[in-house]
1. Under the Karplus relation 6.51 cos²θ - 1.76 cosθ + 1.60, θ = phi - 60°, what is the ordered set of whole-Hz ³J(HN,Hα) values for region 49-63, x standing for Gly and Pro?
2. Compute the angle between helix 186-195 and the longest alpha-carbon principal axis of the chain, please, reported from 0 to 90 degrees and rounded to the nearest 10.
3. If I stretch the segment between S116 and K38 completely, what's the gain in nm (0.36 nm per residue apart, minus their alpha carbon distance), one decimal?
4. Apply the Karplus curve 6.51 cos²θ - 1.76 cosθ + 1.60, θ = phi - 60°, to the phi angles in region 14-19 and return the couplings in whole Hz, x for Gly and Pro.
5. Semi-axes of region 65-194's equivalent ellipsoid from the Cα gyration tensor, sqrt of 5 times each eigenvalue, largest first, rounded to whole Å?
6. Return the loop-located chymotrypsin sites (Phe, Trp or Tyr not before Pro) in region 1-106 (DSSP other than H, G, I, E, B) with at most 16 other Cβ atoms within 10 Å of their own Cβ; answer none if there are none.
7. Loop sites only, by DSSP: take the trypsin sites (Lys or Arg not before Pro) in the chain that have at most 12 other C-beta atoms within 10 Å and name the longest stretch containing none of them.
8. Whole-Hz ³J(HN,Hα) for each residue in region 167-182, computed from phi via Karplus 6.51 cos²θ - 1.76 cosθ + 1.60 with θ = phi - 60°, x for glycine and proline: what do you get?
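Any read-out appearing in this document is the output of simple, stated calculations on the displayed coordinates, not a laboratory observation. Computed from a predicted structure; not experimentally measured. Quick reminder, even Gly has a Cβ in these numbers, built from the backbone with ideal geometry, and neighbours come from all protein chains shown.
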Amino acid sequence: MVNKKKEELVFNPNAKTQYIGILISGHLYIEKNLPCGKVVPIFFKKSGEVFGEVALFSSTQTYPCNITAKRPSEIILISKENILKLLLSDILVMNNFLQLIANKALFLNLKTELLSYSSIQQKICYSLLNEFDAKENEIITLPFSKKTWAESLNVSRPSLYRELKALENYNLLKCIDNNKIGIINAEGLANLIMSE
């Protein structure tokens, strides 16, 4: 068991890949530092989630991203050798692990598609419908701030707020508070993705 303080690094791109982590308590952000100095959020991890598994079983020798505790966190670190023993000893664990890897690949494909859209409204609609699996008359709670959401959409925060307001004016959604969004018309959001 490893304890990390708020803003303390768990893994960074200079660290040799030796472990996967299981977050027991707390919150982690997985962020990619770009050469231009920009930081792009990739994943947000909460209690019970696994991280570092893709890097550990890839051909890379280091972790590709910073993994930072966003609040005090307890983490179990498991070596590659111990993970392999566990996978070989239990078919259910192996199946769940492979599903975890496949879901991560699917998420990254969705992220690539999201970033391919040219308009901010398309990115917002796509994110709500695909990353957050929003349904009609549902309230979505963002697992992070709108600033972080803007960064993950690769847009500025003022642009995100402006386009959310426009989507409210179209009666497609309602911003309830800083991290809650009510979906009024999911079909309208889907149509907006395809219209531009």
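1. 8, 9, 8, x, 5, 5, 5, 4, 9, 8, 7, 6, 9, 9, 6
2. Taking the Cα atoms of the chain, the angle to 186-195 is about 90 degrees.
3. Contour length minus the Cα-Cα distance gives 26.2 nm.
4. Calculated HN-Hα couplings, in order: 8, 7, 5, 6, 10, 9 Hz.
5. Semi-axes (√(5λ), whole Å): 34, 17, 14.
6. Of the chymotrypsin sites (Phe, Trp or Tyr not before Pro), the ones in loops of region 1-106 whose Cβ has at most 16 other Cβ atoms within 10 Å are F57.
7. With trypsin sites (Lys or Arg not before Pro) excluded where exposed in loops, the chain gives 39-134 as its longest stretch.
8. 5, 5, 5, 7, 6, 9, 8, 9, 7, 8, 8, 4, 10, 10, 10, x
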